[in-house]
Amino acid sequence: MTGPTKHPWSDEQLLKAGLAYRAWSLPVAHQPFQPGAADLEVVRRRTGAVSRAAEIVVGAFPSDEAVRALFAYGPLQEQCVLMDPGYRPLIPLGRWDSFLFPDGPRFMEYNTDGAAGWHYSDALTGLWRTEAGLDGPRELLADRLLETILRCFRQRNRRGVERPRMALVDWAEVGTRPEQEALAARFTALGVPTELEDPRALRASEGRIAGARGTYDVVYRRLVSEEAFARAQEIRPFLDAYLEGAACFVGSFRTDPAWHKALFVVLSDPAFARLFPDDLRGDLDAAIPWSRILQPGPVSYRGAEWDLEALLLEHPGDFILKPTRSYEGRGVVSGAFAGEEAWRRAVVEGMARRNTLVQEMLRPCPVLMEGLGKRFLQAGEYVLGGRLAGFLVRSSETPLITPDWPERYHPVAVEVPWSLPPEDTVP
């Protein structure tokens, strides 16, 4: 175990900057993330490639029965997923989570329906730049996020509204409320009045969506889909407003197949290679770990044929299990860290449920950090309009993303060039 990290910021400074989860300051580190130009270019290219592939999967969901069967949504969620949001790309914003290897990033998760941390990255980087004497102008992730949301709104603007009002929607009690408050304040300062609204207070009203603080033209959804549909009866007026098209929803429920862990099956299983053009194949093979749904039967792994259960029990250190509809690393079980009996039980129970992803475990090299010891660096790649827009960088004691192992947030000391692609024509 190592002692506490050294950084120059007090809890009061962190809280004032909005670097908080509920009432607690975030655990942060002083060491910045600063990839070289060549490494950044590889990350940019790979992130663009996997984002393009995820867009293809989401686009295929309504008509491709083999793809659709993997996700097994209930009727209400599927109805919402099938709604066309009225803009392109279908996935306008998100965040991949990856580990960086010498040949580039390898991705573990894709967050499209509540991707958080935009302000955290901006604020922590701002503190670091000030402390380092780098007070010059820089582009904020929050500003790029707003630009992307407004692009979606312009494509779908059916009322000719020139100054839209926006609702940032999530449960009032969510832990990332301080970050959402900071985003709403920034959007408002940039000329787009933005209020935080609880989905339980929202409903359709005369063709628009109305909440506790007024009516809105745009909904920026931070509400996690899994929670939304688990608690559908509490928020049915909100879901009905979505189905009625009462506002421009960014991100829409159409993105749900991208955050579902079955996405990684489609991206890695040769059975779905038909979906992707040849120019994506190399990046997908390099960047996406071997992933399958945990179910009885044969699989091909590293050129050999295996019974899947036998493979997992004989080589537990090579794999991790994830609930297909989990987030924040919840429910992840690693064969390398679980005991033999716990791993066997997780495999058998997952086989029975058939809603678990089995994925090859990534083994990045740890980085020695002053005051922290050896840490594994997680690079969260923010994507806006299908392009790399910035990072949310964390480090942990293990090569896993799970609530059981505490993480620290790092400032970002690299400027990421970004612009939205030319506007597409919505069908």
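The values are calculated or read from the model by the stated rules, or taken from the named source; none is laboratory data. All values reported here derive from a predicted model rather than from experimental measurement. Here Cβ is always computed from backbone atoms with ideal geometry, including for glycine, and neighbour counts include all displayed protein chains. Quick note on the areas: whole protein, heavy atoms, side chains included, nothing else; ligands and nucleic acids left out. Shrake-Rupley method; radii C 1.70, N 1.55, O 1.52, S 1.80 Å.
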Checklist outcome for this item: For Leu26, the lone unmet condition from (1) in contact with a helix residue (DSSP H, G or I) (Cβ under 7 Å, 6 or more places away or on another chain); (2) closer than 30 Å to Ala247 by Cα; (3) surrounded by 20 or more Cβ atoms within 10 Å (Cβ to Cβ) is (2)
Checklist entry - If you take the residues in region 190-231 that are in contact with a helix residue (DSSP H, G or I) (Cβ under 6 Å, 6 or more places away or on another chain) and assigned to a helix (DSSP H, G or I), which one is surrounded by the fewest Cβ atoms within 10 Å (Cβ to Cβ)? => result Arg200
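Can Ser98 be described as closer than 29 Å to Ile293 by Cβ, modelled with pLDDT of 95 or more, of a type in the set (Ser, Thr, Tyr) and buried (at least 22 other Cβ atoms within 10 Å of the Cβ)?
On the way: closer than 29 Å to Ile293 by Cβ: yes; modelled with pLDDT of 95 or more: yes; of a type in the set (Ser, Thr, Tyr): yes; buried (at least 22 other Cβ atoms within 10 Å of the Cβ): yes.
Yes: the conditions hold for Ser98.
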Checklist entry - Just checking, which of Arg165, Arg156, Arg177 is open to solvent by 40 Å² or more (accessible area, probe 1.4 Å) and more than 20 Å from the chain's Cα centre (by Cα)? => result Arg165
Checklist entry - Does Val393 satisfy the criteria of being over 30 Å from Leu19 (Cα atoms), buried (at least 22 other Cβ atoms within 10 Å of the Cβ) and at pLDDT 95 or above? => result no
Next on the checklist: Checking the condition crowded, with 18+ Cβ neighbours inside 10 Å, under 29 Å from Leu146 (Cα atoms) and not small (Gly, Ala, Ser), which residue from Leu384, Leu372, Leu400 passes?
Outcome noted: Leu384
Next on the checklist: The conditions are (1) part of a helix (DSSP H, G or I); (2) more than 15 Å from Val50 (Cβ to Cβ); (3) out of contact with any Leu (no Cβ under 6 Å at 6 or more places or on another chain), and Phe238 fails exactly one of them. Which is it?
Outcome noted: (3)
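Of the residues that make up region 97-114, is at least one in a helix (DSSP H, G or I) and of a type in the set (Gly, Ala, Ser)? Write out each step before concluding.
At the first step, the residues of region 97-114 found to be in a helix (DSSP H, G or I) are none.
No, there is no match, as no residue in region 97-114 is in a helix (DSSP H, G or I) and of a type in the set (Gly, Ala, Ser).
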Checklist entry - Among all residue pairs at least 6 apart or on different chains, which show Cβ distances below 7 Å where the first residue, located in region 159-185, is over 19 Å from Tyr216 (Cβ atoms) and the second is assigned to a strand (DSSP E or B)? => result Gly175/Tyr21; Thr176/Tyr21; Pro178/Ala20
Checklist entry - In the list Pro298, Pro316, which residue meets the criterion of being over 26 Å from Asp97 (Cβ atoms) and open to solvent by 30 Å² or more (accessible area, probe 1.4 Å)? => result Pro298
Checklist entry - Can you spot a residue in region 258-274 that is modelled with pLDDT under 95 and either in contact with a His (Cβ under 7 Å, 6 or more places away or on another chain) or open to solvent by 30 Å² or more (accessible area, probe 1.4 Å) (or both)? => result no
Next on the checklist: Every residue in region 9-33 that is in a strand (DSSP E or B) and under 21 Å from the mean Cα position of the chain (by Cα), please.
Outcome noted: Ala20, Tyr21, Val28, Phe33
Checklist outcome for this item: Restricted to region 69-87 and to residues being aromatic (Phe, Trp, Tyr) and part of a loop (DSSP other than H, G, I, E, B), the residue surrounded by the fewest Cβ atoms within 10 Å (Cβ to Cβ) is Tyr73
Checklist entry - If we keep just the residues of region 116-136 that are part of a loop (DSSP other than H, G, I, E, B) and buried (at least 21 other Cβ atoms within 10 Å of the Cβ), which is nearest to the chain's Cα centre (by Cα)? => result Ala116
Checklist outcome for this item: For region 221-236, pairs from a residue that is more than 19 Å from Pro257 (Cα to Cα) to a residue that is surrounded by 15 or more Cβ atoms within 10 Å (Cβ to Cβ), with Cβ under 7 Å and 6 or more apart or across chains, are Glu234/Arg200; Ile235/Pro199; Ile235/Arg200; Ile235/Ala228
Next on the checklist: Based on this model, can you work out whether Leu90 counts as more than 30 Å from Pro199 (Cβ to Cβ), outside any helix (DSSP H, G or I) and out of contact with any Pro (no Cβ under 6 Å at 6 or more places or on another chain)?
Outcome noted: no
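Look at region 232-251 and say how many of its residues are open to solvent by less than 50 Å² (accessible area, probe 1.4 Å) and within 24 Å of Asn111 (Cα to Cα). Can you show your working first?
Looking only at region 232-251, we keep the residues that are open to solvent by less than 50 Å² (accessible area, probe 1.4 Å), and these are 232, 235, 238-239, 241-243, 245-251.
Those left that are additionally within 24 Å of Asn111 (Cα to Cα): 232, 235, 238-239, 241-243, 245, 247-251.
Residues in region 232-251 being open to solvent by less than 50 Å² (accessible area, probe 1.4 Å) and within 24 Å of Asn111 (Cα to Cα): 13 in total.
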